[in-house]
Amino acid sequence: MQELEKWIIGYMFLDDSIDVSVLNKEDFENNNFGNIFNYLKNRLENGEVIDVFTTAQDLKISPETLESFVDEIPDLFNFDNAVKKLKEESIKRQLKHVAKNISETLDNASVYEVLEYVEKKILGIEIIGDRIYETLAETLETYFEEVEEMQKRRLNNEFVGIPSGINDLDKFLGGFKGGQLVIIAGRPAMGKTTFALNIATNMANEGYPSAFFSLEMNQKQLRNKILAAATHIEYNKIAHGYINKQERNNLEFVIEKLKRTPILLGKTTNLTIESLKSVARKLKREYKIQGLFIDYLQLMSKTTDLVKELGVITRQLKLLALELDIPVFLLSQLSRNVEHREDKRPMLSDLRDSGAIEQDADIVLFLYRPAYYKRKKKEEIEKEDKAEKIEVIIGKQREGETGIVELGFFGKYSHFFDLYLVK
């Protein structure tokens, strides 16, 4: 293998038009050869001429050594094939190293920790030599192309990001983007799960596969909510089978349509951050998911130090969003402080008991149902016979303004909608 490494280095002195971007110095088994290659690669990328004498002088090695690399190149040498073979051998060495570490750590770590290690290491192996950075100049080159694409989408009444399917919300946020951690927060009975599930279903209907993990509801309950929203048949009737012939026909029609909707409902008997990350990576590879939903944050905690652990979880989910280049939606309960105020509208300070959630979040959406608190004040029984207004309070938006979007909410149908649809 060291002969192959010398030939590749030697050939670099003969042809400065070759593409060596797929290789890094770590791909060379001989460290000295790797350092020589890295020096030559940097000069080529900077448009500088390379020659034996300058290289020998800068690296403090004899010119004769470098000349021997050139002289020993075989007559039928194929540079591209040589690079491919060297890269493959490098990957094999890395895989052997991972396998050795697995063997050494199995007895001292949980299965999920080992799996996460394996995934990160294997996915981190650079099969095609991608860089983990871009120069400022490279990002500037694409700026106007991005602007033109955004303007084109706006002219076609399309959103720049992934649409939520709720038009008024999309106008305010511009859609959701890869790498974002989106918090959907509120007190109990505000409709967090329904709101998130509506968005996940709408995304999937628009061709953006999504995955929904709930630690409160099983897959059948989530399915029933989706059916209620799609058919406008009461959730309780669907859940308990109280449907008439007309409703059954409606359900049959909608079910056939929903079968083609790319939404995955996770089994979450014992969901941990390690298992979630492992499953999310698999779903990204196999199903190309464009959105991940977790309901909800506080139920993922397994220790008594709640604030510290929740901070770790939100940070890990933000990093997962960046790694998979998808928006991650995290539902969160709010502290009881809300109930002690005259104005029950949530604010960012109500998240303080939830670790570093405010810091890690790109977007924070609070749900507030004025009608719920009015009924509660009058000690009325909760009724969901009529649609009501609900406020989606944008408490934080890293790339935009904060404010309030008013939507319609029909609790018995598990359905959020734009108010203009009923005007």
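We did not get these values from a lab; they are worked out from the coordinates using the rules stated. Quantities reported herein were computed from a predicted structural model and do not represent experimental measurements. All Cβ positions, even for glycine, are placed from backbone atoms using ideal geometry, and neighbour counts span all protein chains on display.
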ask   = If packing is taken as the mean number of other Cβ atoms within 10 Å per residue, what is the order of 138-147, 197-206, highest first?
value = 197-206, 138-147
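With runs of 4+ DSSP H residues as the only contributors, calculate the mean residue ellipticity of the chain at 222 nm using -39,500 (n - 2.57) per run, divided by the residue total and rounded to the nearest 500.
Numbers: 17 runs with 203 residues, N = 423.
So the helix-based figure for the chain works out to -15000 deg cm²/dmol.
Given a Förster distance of 41 angstrom, what is the FRET efficiency for residue 49 paired with residue 323, based on the Cβ-Cβ distance and rounded to 0.05? Show your work: numbers first, answer last.
Working: r = 39 Å, r/R0 = 0.95.
The pair residue 49/residue 323 has a calculated efficiency of 0.60.
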task = Could you rank the peptides 83-96, 57-70 by their average count of other C-beta atoms within 10 Å per residue, with the highest value first?
result = 83-96, 57-70
note = Ranked output for segments 242-251, 281-290, 36-45 by mean other Cβ atoms within 10 Å, highest leading, reads 36-45, 281-290, 242-251
task = State which helices in the chain qualify, where a helix is a whole DSSP H run, it must extend 15 Å or more along its own axis by its Cα atoms, and its mean Kyte-Doolittle hydropathy must be at least -0.5.
result = 2-12, 111-124, 192-205, 219-231, 306-324
request  = Based on a Kirkwood Rh over C-alpha pairs, give the Stokes-Einstein translational diffusion coefficient of segment 2-124 at 25 °C and viscosity 0.890 mPa s in µm²/s.
outcome  = 151
query = What is the Cα centroid distance between segment 182-207 and segment 59-81, reported in whole angstrom?
reply = 61
task = Between the alpha-carbon centers of segment 162-179 and segment 1-50, tell me the distance in whole angstrom.
result = 46
inquiry  = Going by Cα centres, segment 139-156 and segment 324-376 are how many Å apart?
reply    = 34
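Please give me the summed charge of the neighbours of residue 165: other residues whose Cβ is under 10 Å from its Cβ, Lys and Arg +1, Asp and Glu -1.
Working: positive: none; negative: 170, 206, 418.
In short, -3.
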ask   = Hey, got the Cα dimensions of the chain along the principal axes, in Å, largest first?
value = 93, 56, 48
Distance cut-off 19 Å, percentage of C-alpha pairs in segment 46-102 lying past it = 58
